[in-house]
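The values are calculated or read from the model by the stated rules, or taken from the named source; none is laboratory data. All values derive from a computational prediction rather than experimental measurement. All Cβ positions, glycine included, derive from the backbone under ideal geometry; neighbour counts span all protein chains shown. Ligands, DNA and RNA are excluded from the accessible area calculation, which covers all protein heavy atoms including side chains. Shrake-Rupley method; radii C 1.70, N 1.55, O 1.52, S 1.80 Å.
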Amino acid sequence: MGKGQDLYEKAKSIIPGGTQLLSKRPEMFLPNQWPAYYDKAKGVDVWDLDGKHYIDMGYHSIGSCVLGSADPDVNAAVKDAIDRGTMSTLNCPEEVELAELLLEIHPWAEQVRFARCGGEAMAMAVRIARAATGKDEIAFCGYHGWHDWYLSANLSNEKALDGQLLPGLAPAGVPRGLAGTLHPFAYNNIEALRKIISEHGQNLAAIVMEPIRSTEPLPEFLQAARDAATALGIPLILDEVTAAFRICGGAAHLTLGIEPDMATFAKGMSNGFPAAAVIGKKHFMAAAQETFISSTFWTERIGPVAALATIKKFRAKRVHEHLIHMGTLIQEVWQEAADSTGLTIHCSGMKPLSHFDIVHPNAQAARTLFTQEMLVRGFIANNSFYATFAHTEEHVALYQEAVLEVFAIIGKALTNGTVESLLRGPVAHTGFHRLA
């Protein structure tokens with residue numbers, strides 16, 4: 001037990017759930033062994049509270065630092081903003097500059113509102129859609145945050161969200177009156193969407209979806225969503241919180257041949273500093289004036305300044321090309337290592353957000369063993385790789401050597417039925433779990 005594990009034990013007694021983000025819970029990676037806390041992060045290098053150094057080849061800041069941790073250009077812009085004052089009775093002019101930049105990149109959009117995280121942006125977009133249409137119900141697919149509007153899907157069917165991200169998300173605390181307002185459909189399932197339109201179309205306020213995630217979209221699927229929203233006179237809202245800026249210099253939908261009515265941004269838009277945006281057509285966005293959407297810290301300066309510096313660097317350096325290259329190399333590493341060790345895996349995801357699954361009944365224990373053995377070799381790693389501009393081919397080469405060793409261990413353990421005996425702690429959680 002290191003300092004990080006000891007501190008996490010304390011945290012669980014005074015912070016419900018132990019962390020602020022489910023995706024950062026140590027139980028999701030390596031129970032009782034995960035370092036849990038960092039002392040310093042720079043580029044793809046991370047040092048824990050014991051001074052141990054790791055290379056982050058996993059979720060890397062849960063996808064928020066697309067340029068790498070503590071990017072010098074973004075940090076310089078933020079430090080200057082701090083020195084000039086981050087808050088005032090007056091508004092910061094950078095929010096207007098950022099709005100203009102987002103509209104330049106996405107010429108279909110006409111207006112912008114800002115928030116500071118993806119969940120807020122999605123809650124804002126849905127509120128605006130409901131205000132604009134005077135309707136309550138939402139057709140959706142994908143993961144869109146923790147707010148009541150989204151979690152209410154599980155009021156009607158406690159497993160409604162299981163296929164969207166995590167199983168077992170209980171809607172405790174969500175008003176029962178929201179039951180029946182959310183209608184989930186699976187990605188690329190055109191018939192499921194059409195069934196919702198047929199049964200609930202007259203009550204729908206919006207169609208909400210991610211443009212792309214773990215699989216490539218069928219062109220006819222995206223077009224079916226676009227056509228349905230147009231026919232109903234409701235907005236098609238694309239959640240770009242995760243996908244944006246990773247496969248082009250703006251929203252992913254710019255490369256997919258689909259034009260939404262509204263889109264949301266956060267996560268990598270500002271390289272680890274809180275910033276989020278909702279952009280959209282004036283016809284719908286104007287409804288933000290008909291409802292109350294307002295927050296003091298949506299007016300601070302650091303978020304817009306960081307976003308401006310990040311987006312400008314994305315475009316100047318064509319960062320998305322590097323992300324795609326890194327993700328392509330990593331998927332090749334996984335597949336080649338699997339082929340040479342006899343391990344059966346399935347690779348998926350857009351290249352900058354790559355993912356592999358071990359094809360075996362004992363896959364979750366095997367994935368836990370992968371994380372354990374990669375940590376021993378100096379890597380923060382799981383079965384996902386979120387590429388950053390700071391990753392290099394040298395990092396990939398070091399990672400490849402370790403993956404080959406660990407896949408060989410896993411393949412042998414699965415054959416011999418000894419995976420659990422090699423684990424130095426419990427198997428990682430696969431979804432939402434209550435913590436004692």
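The single condition among (1) among the small types (Gly, Ala, Ser); (2) open to solvent by 10 Å² or more (accessible area, probe 1.4 Å); (3) more than 30 Å from LYS313 (Cα to Cα) that ALA397 does not meet is (3).
Here are the criteria: (1) touching a Pro at 6+ places or on another chain (Cβ under 8 Å); (2) modelled with pLDDT under 95; (3) crowded, with 22+ Cβ neighbours inside 10 Å. Tell me which single one ASP148 does not satisfy. Every listed condition holds for ASP148 apart from (3).
Restricting segment 196-227 to residues that are polar (S, T, N, Q) and in a loop (DSSP other than H, G, I, E, B) leaves a set whose member that is nearest to GLY257 (Cα to Cα) is THR215. In contact with a Pro (Cβ under 9 Å, 6 or more places away or on another chain), of a type in the set (A, V, I, L, M, F, W, C), in a helix (DSSP H, G or I) and open to solvent by 20 Å² or more (accessible area, probe 1.4 Å): does that describe ALA231? Considered against the rule, which asks whether it is in contact with a Pro (Cβ under 9 Å, 6 or more places away or on another chain), of a type in the set (A, V, I, L, M, F, W, C), in a helix (DSSP H, G or I) and open to solvent by 20 Å² or more (accessible area, probe 1.4 Å), ALA231 comes out as no.
Quick check on segment 242-265: of everything there that is part of a loop (DSSP other than H, G, I, E, B) and in contact with a strand residue (DSSP E or B) (Cβ under 6 Å, 6 or more places away or on another chain), which residue is surrounded by the fewest Cβ atoms within 10 Å (Cβ to Cβ)? Spell out how you get there, then give the answer.
From segment 242-265, those part of a loop (DSSP other than H, G, I, E, B) are 242-251, 256-261; that's our starting set.
Next cut, in contact with a strand residue (DSSP E or B) (Cβ under 6 Å, 6 or more places away or on another chain) only: 244, 251, 260-261.
On the way: ALA244: 30, ALA251: 26, PRO260: 28, ASP261: 24.
Filtering segment 242-265 for residues that are part of a loop (DSSP other than H, G, I, E, B) and in contact with a strand residue (DSSP E or B) (Cβ under 6 Å, 6 or more places away or on another chain), the one surrounded by the fewest Cβ atoms within 10 Å (Cβ to Cβ) comes out as ASP261.
Taking every residue in segment 185-205 that is without any contact (Cβ under 8 Å) to a residue 40 or more places away in the chain and pairing it with any residue that is open to solvent by less than 40 Å² (accessible area, probe 1.4 Å) and aromatic (Phe, Trp, Tyr), at least 6 positions away or on another chain, the pairs with Cβ-Cβ distances below 7 Å are ASN188/PHE221; ILE190/PHE221; ALA192/PHE185. Here is the figure for segment 272-285: residues that are open to solvent by 10 Å² or more (accessible area, probe 1.4 Å) and over 18 Å from PRO235 (Cβ atoms) total 3.
Residues of segment 394-408 that are in contact with a Leu (Cβ under 7 Å, 6 or more places away or on another chain) and either outside any helix (DSSP H, G or I) or farther than 12 Å from ILE330 by Cβ (or both): PHE407 alone. If you check ALA36 against the conditions, is it within 13 Å of ILE380 (Cα to Cα), aliphatic (A, V, I, L, M), crowded, with 20+ Cβ neighbours inside 10 Å and under 23 Å from the mean Cα position of the chain (by Cα)? Answer is yes for this residue. Taken over segment 198-228, the criterion of being of a type in the set (D, E, K, R), modelled with pLDDT of 95 or more and closer than 21 Å to ALA125 by Cβ is satisfied by GLU210, ARG226, ASP227.
Filtering segment 5-58 to residues that are under 23 Å from MET326 (Cα atoms), outside any helix (DSSP H, G or I) and free of Cβ contacts under 8 Å to residues at least 40 places away in the same chain leaves ALA41, LYS42, ASP45, TRP47. Can we say PRO211 is farther than 16 Å from ALA129 by Cα, free of Cβ contacts under 8 Å to residues at least 60 places away in the same chain and in contact with a helix residue (DSSP H, G or I) (Cβ under 8 Å, 6 or more places away or on another chain)? The answer is yes for PRO211.
Taking the options LEU161, LEU193, LEU155, name whichever one is over 24 Å from PHE273 (Cα atoms) and assigned to a loop (DSSP other than H, G, I, E, B). Show your work before the answer.
Details: LEU193 fails: assigned to a loop (DSSP other than H, G, I, E, B); LEU155 fails: assigned to a loop (DSSP other than H, G, I, E, B).
After ruling out the rest, the residue left standing is LEU161.
Note down all Cβ pairs under 8 Å where the first residue falls in segment 60-87 and is assigned to a loop (DSSP other than H, G, I, E, B), the second is surrounded by 12 or more Cβ atoms within 10 Å (Cβ to Cβ) and acidic (Asp, Glu), and they're at least six residues apart or on different chains. Pairs found: CYS65/ASP71; LEU67/ASP73; THR86/GLU300; MET87/GLU300.
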